[in-house]
Amino acid sequence: MNKNTRLITIAVDGYSSSGKSTMARRLAAAVGYRYIDSGAMYRAVTLYALDNGLISTDGEPDKAAIVSALPEISIDFAVQPDGTQHTLLNGVDVETEIRRLRVSNAVSPVAAIAEVRRALVAMQKKMGERKGIVMDGRDIGTVVFPDAELKIFVDASPETRAMRRFKELVEKGSQVSYEDVLSNVVHRDHIDTTRDESPLRRAEDAISLDNSLMSLEEQDAWLLKQFNKVLQFG
Ligand code: CDP
């Protein structure tokens, strides 16, 4: 096969609100690949758990109940006319709902449940079987696609990340404070990096990117350069 038409797998991992999703979505669009937001899948399971009373008011998930509900939870992505994707939970578009702070505040303990991870990782591996995919998350380069040809690990300071997410939520009409968003970011970082089951960490062969001071255009150019390098020399 011509090296330039070879399809590869691209894993984008990093801390919460580091801009991974924007980065992964734009790269996928630029190279004509499928984009999957694995975080949306953990968020969808969390929304199901919240709406079905499987998370206590102090945020403790009822693990056994969530695990036994897994067969009743189906997650899909629907491509919109403008090219963006919306997450479907049991056929219902929950894209707006899963981005709310209510879900952000509950998601990390749910994502730390081993059986939840096992079920979602199996779905993600299946989605990537034919390559030509960009997936973003926490464990994509380490667990989901350890053989990905291009792995990127994104970082930025917690304050930069919280400010980005705060602006995003305010633009969407949410009434949140910067302090609440920052404390959510820091709290999730802690749970995501210290959990037993596939904690967030940089794969040894991942390329690190601190995008605190990068414009979107600079970031796009940097990503395309990494992509082309793999196609040429990888
Ligand atoms: O958008 P943001 O970066 O804030 O988070 P996300 O990618 O939507 O992921 C939400 C949460 O799901 C994370 O804080 C993790 O707890 C969990 N997650 C995970 O454990 N593994 C993944 N591959 C993706 C997300």
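The values are calculated or read from the model by the stated rules, or taken from the named source; none is laboratory data. Since the model is a prediction, treat every value here as computed from it, not as a measurement. Cβ coordinates were reconstructed from backbone atoms using ideal geometry, including for glycine residues, and neighbour counts include every protein chain displayed.
One line per residue, one yes/no per condition, for (1) of a type in the set (S, T, N, Q); (2) over 21 Å from Val143 (Cα atoms); (3) within 14 Å of the ligand (Cβ to nearest atom); (4) outside any helix (DSSP H, G or I):
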| position | (1), (2), (3), (4) |
| --- | --- |
| Ala11 | no, no, yes, yes |
| Arg25 | no, no, yes, no |
| Ala28 | no, no, no, no |
| Ile36 | no, no, yes, yes |
| Met41 | no, no, yes, no |
| Val45 | no, no, yes, no |
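Quick grid of which residues meet (1) modelled with pLDDT of 95 or more; (2) under 26 Å from Arg165 (Cα atoms); (3) of a type in the set (Gly, Ala, Ser):
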{"site": "Tyr33", "(1), (2), (3)": "yes, yes, no"}
{"site": "Thr46", "(1), (2), (3)": "yes, yes, no"}
{"site": "Leu54", "(1), (2), (3)": "yes, no, no"}
{"site": "Leu89", "(1), (2), (3)": "yes, yes, no"}
{"site": "Leu101", "(1), (2), (3)": "no, yes, no"}
{"site": "Arg118", "(1), (2), (3)": "yes, no, no"}
{"site": "Val121", "(1), (2), (3)": "yes, yes, no"}
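What number goes with the only condition from (1) more than 17 Å from Ile191 (Cβ to Cβ); (2) within 15 Å of the ligand (Cβ to nearest atom); (3) at pLDDT 95 or above; (4) part of a helix (DSSP H, G or I) that Leu70 does not pass?
(2)
Considering only residues of the stretch 103-133 that are among the β-branched types (Val, Ile, Thr) and within 17 Å of Tyr42 (Cα to Cα), which is nearest to the ligand (Cβ to nearest atom)?
Val107
Answer yes or no as to whether Asp192 is near the ligand (Cβ under 10 Å from one of its atoms), within 16 Å of the chain's Cα centre (by Cα), under 27 Å from Phe227 (Cβ atoms) and among the acidic types (Asp, Glu).
yes
Scanning for something more than 24 Å from Ile98 (Cα to Cα) and over 19 Å from the mean Cα position of the chain (by Cα), does the stretch 207-214 turn up at least one residue?
Yes, there is a match, as at least one residue in the stretch 207-214 is more than 24 Å from Ile98 (Cα to Cα) and over 19 Å from the mean Cα position of the chain (by Cα).
Please pick out the residue among Lys131, Lys151 that is in contact (Cβ under 8 Å) with a residue 24 or more places away in the chain, closer than 25 Å to Ser208 by Cα, in contact with a Gly (Cβ under 6 Å, 6 or more places away or on another chain) and of a type in the set (D, E, K, R).
Lys151
Look at Leu200 and say whether it is buried (at least 18 other Cβ atoms within 10 Å of the Cβ), part of a helix (DSSP H, G or I) and either free of Cβ contacts under 8 Å to residues at least 24 places away in the same chain or among the hydrophobic types (A, V, I, L, M, F, W, C) (or both).
no
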